[in-house]
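The values are calculated or read from the model by the stated rules, or taken from the named source; none is laboratory data. Quantities reported herein were computed from a predicted structural model and do not represent experimental measurements. Glycine also receives a Cβ, built like all others from the backbone with ideal geometry; neighbour counts cover every protein chain displayed.
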Amino acid sequence: MQPVPLPPLTEDEIYLGGFVDANGALTHTILLPGDHDEATWQVQIAWARSLGGDLPTRVELALAHAKHRDRFERAWYWSNERSGSDWAWYQTFNGGSQYCGPQRAEFRARAVRRAPV
C-alpha cells in the first residue's frame, strides 16, 4: 500500500488527520495557528472564513482533544456543526465533552483548513 502524501504545512500549522467521506474521498485537516477569543457561533464562523478556513467538525474537535489538547485553552470551543436553526455543537478542552447550545452563546474558536487528496 502506498502512503498518502501529506499536504505542505506552514511553520505554525498542525496536521490533524485524514478523513474519508462516504464516497471514499480523502481530505486532510490542518489546524491553523491561533485562538479566537469568546464570541457567538456566527462571529466565529466568519472569523474562520476570514482566514480561508472553517471551524472544525465535532469529529475533528474530538481528535484535536485527543492528540493536541495542549494547543488549546482549557475552555469551550465551537464546532462548525449546527443543531437545528439556532443551536450548534461545541466541545470543552477541559474534560472533552461535547454539547449543543444556542448560537448566541460565546465560546472560543480554532480554525482549520481542509485539503482534498
Scan of segment 23-34 for residues that are in contact with a Lys or Arg (Cβ under 7 Å, 6 or more places away or on another chain) and exposed (fewer than 15 other Cβ atoms within 10 Å of the Cβ), ordered by number: THR27
Residue check for ARG114: among the basic types (Lys, Arg) and either in a helix (DSSP H, G or I) or within 13 Å of the chain's Cα centre (by Cα) (or both): yes
Residue match in segment 90-98 (condition: within 30 Å of PRO3 (Cα to Cα) and at pLDDT 95 or above): no
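Listed here are the residues, each with its yes/no results for (1) closer than 18 Å to HIS36 by Cβ; (2) not in a helix (DSSP H, G or I).
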{"residue": "LEU63", "(1), (2)": "no, no"}
{"residue": "TYR77", "(1), (2)": "yes, yes"}
{"residue": "GLY96", "(1), (2)": "no, yes"}
{"residue": "ARG108", "(1), (2)": "yes, yes"}
Residues that are within 15 Å of the chain's Cα centre (by Cα) and in a strand (DSSP E or B), drawn from segment 79-94: SER79, ASN80, GLU81, ARG82, ALA88, TRP89, TYR90, GLN91, THR92
In segment 26-42, the residues that are β-branched (Val, Ile, Thr) and closer than 9 Å to GLU106 by Cα: THR40
Every residue from segment 63-89 that is within 19 Å of GLN42 (Cβ to Cβ) and without any contact (Cβ under 8 Å) to a residue 24 or more places away in the chain: ARG82, SER83, GLY84, SER85, ASP86, TRP87
Single match in VAL4, VAL20, VAL43 (criterion: of a type in the set (Val, Ile, Thr) and surrounded by 14 or more Cβ atoms within 10 Å (Cβ to Cβ)): VAL43
Candidates ARG74, ARG58, ARG49, filtered to the one that is over 25 Å from HIS28 (Cα atoms), surrounded by fewer than 18 Cβ atoms within 10 Å (Cβ to Cβ) and touching a strand residue (DSSP E or B) at 6+ places or on another chain (Cβ under 9 Å): ARG74
Flag if SER83 is more than 16 Å from ALA111 (Cα to Cα) and of a type in the set (S, T, N, Q): yes
